[in-house]
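Written below as structure tokens is the structure these notes are about.
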Amino acid sequence: MSPTSRTTATPAARDRVLPRPAEGVWPGLQDPGENRLRMTVARGLVRSAVKRLPMHLVWPDGSVEGDPLGPGLRLIRPEAFFTRLGRQGLIGFGEGWMVGDWDSDDLVGVLRVMTDHIEELVPRPLRNLRRLYDRGQPREEVAADAEVSQENVHRHYDLSNDLFALFLDESMMYSAAWFDPERPDEPLVDAQHRKIDGILDLAGVRAGQHVLEIGTGWGEAAIRAARRGARVTTLTLSVEQAELARARAERAGVSDRITIDVRDYREAAGTYDAVISIEMIEAVGERFWPEYFRTVDRLLAPGGRFGLQSITMPHHRLEATKSSYTWIHKYVFPGGLIPSLEAVDDTLARHTTMQVVDRRSIGLDYAETLRRWRATFLARAEEVRALGFDETFVRMWDFYLAYSEAGFASRYLDDYQLGIARP
């Protein structure tokens, strides 16, 4: 599959990875005041943590501190690293990787240790200090109306269709695959099609139906539903994705059964026999979960079903972090929030006539999906640079994919396919 949108990242696309972290030594590092104090505190916390955790630090002089059998974090510019960490917490940690303040031969391993021991990283008496650097998500990024939601989508999905095509398989699915445990070397495209079929089955999609999809991606789920004989209306806020999805539907010979609209889900009208949505709800925002599910309830015909795939997190972690501003928000998914299963159940019960009637976890499959994406991305890093993206961007995406893999491998994150219907 050869994308047709463009072959280089436009200046507007490159601008969307901003704000960029400062290169080299953090400004104000030599100031003996607040920066120096925060650097000292961060250094002490890190050194204390590696004494308890199965990982180690490697200092510039080659000395090792911590468990030498665990994954290693190699300090390149220690003062810059600890200053970033002291000023911005885990955002600074990720930025330090992006600009080369630290490195690792096992990035996923380092991040997996941190995720496995998330409650132990900072002593409880010091956790309240987080408010000194975490002021919450910027107001302009919190999903509100369609315009804000569309700008958030643009910053990630409209970077370049060709960028995503470099590391995704030919299905162009950018969500968790569902692997056959009896086929350890199963091609990713086969596992992605199994995932799509799982959602279509949960929604009861069959020939002759009119199906609504919320979140088109690059069109593979709509194409697969059309091949079942259904008529599909699919909604996206990404102009770039819509363009390529139309071309792919045409090549698949099903464009006469698929309508692709660049439209917010709240503007949808009509009645549908089934609704599907694959990993789009994470961009909706907690405030609008009721409206999201009410919209599906309003559009779904009597007897219809809703197939939803969503990344999830434990409910107590959702409650503890839902107001936080994270590295992922700043650099990858502005305005996003991952729900919990409890939050989905509660929102359905309070605001709709629907409930979850089927569910399956594919979270560990997501870890494997991300492992494959990252391996392909790194193997084709020169091609990424040829599209117009610089070394900081390459390291940013390396960190993003590794961070996500670690989250699913540790079960800090999960991914569920949910069948939702009226009782």
All but one of (1) among the β-branched types (Val, Ile, Thr); (2) surrounded by fewer than 16 Cβ atoms within 10 Å (Cβ to Cβ); (3) in contact with a helix residue (DSSP H, G or I) (Cβ under 7 Å, 6 or more places away or on another chain) hold for residue 357; which doesn't? (3)
Considering only residues that are of a type in the set (Asp, Glu) and within 19 Å of residue 301 (Cβ to Cβ), which ones fall in the range 207-240? 213
For the range 267-290, what are the residues that are over 22 Å from the mean Cα position of the chain (by Cα) and assigned to a helix (DSSP H, G or I)? 267
Selected residue (criterion: farthest from the chain's Cα centre (by Cα)) from residues of the range 343-356 that are part of a loop (DSSP other than H, G, I, E, B) and among the hydroxyl-bearing types (Ser, Thr, Tyr): 353
Is it the case that some residue within the range 113-129 is more than 30 Å from residue 266 (Cα to Cα), modelled with pLDDT of 95 or more and in a helix (DSSP H, G or I)? yes
Of the conditions (1) within 25 Å of residue 364 (Cα to Cα); (2) more than 20 Å from the chain's Cα centre (by Cα), residue 225 clears all except one; give me its number. (1)
Could you list, in sequence order, all residues of the range 233-285 that are acidic (Asp, Glu) and farther than 16 Å from residue 164 by Cβ? 250, 256, 261, 264, 267, 273, 282
Breaking point among (1) in contact with a strand residue (DSSP E or B) (Cβ under 9 Å, 6 or more places away or on another chain); (2) assigned by TED's automatic domain parsing to the domain that holds residue 276, for residue 365: (2)
Candidate set from the range 97-119 (those that are free of Cβ contacts under 8 Å to residues at least 60 places away in the same chain and over 21 Å from residue 52 (Cβ atoms)); member that is surrounded by the most Cβ atoms within 10 Å (Cβ to Cβ): 101
Of the residues that make up the range 326-342, is at least one touching a helix residue (DSSP H, G or I) at 6+ places or on another chain (Cβ under 8 Å) and part of a strand (DSSP E or B)? no
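The values are calculated or read from the model by the stated rules, or taken from the named source; none is laboratory data. The structure displayed is predicted, hence computed values, not measured ones. Counting neighbours? That spans all protein chains shown, and the Cβs are built from the backbone with ideal geometry, glycine included.
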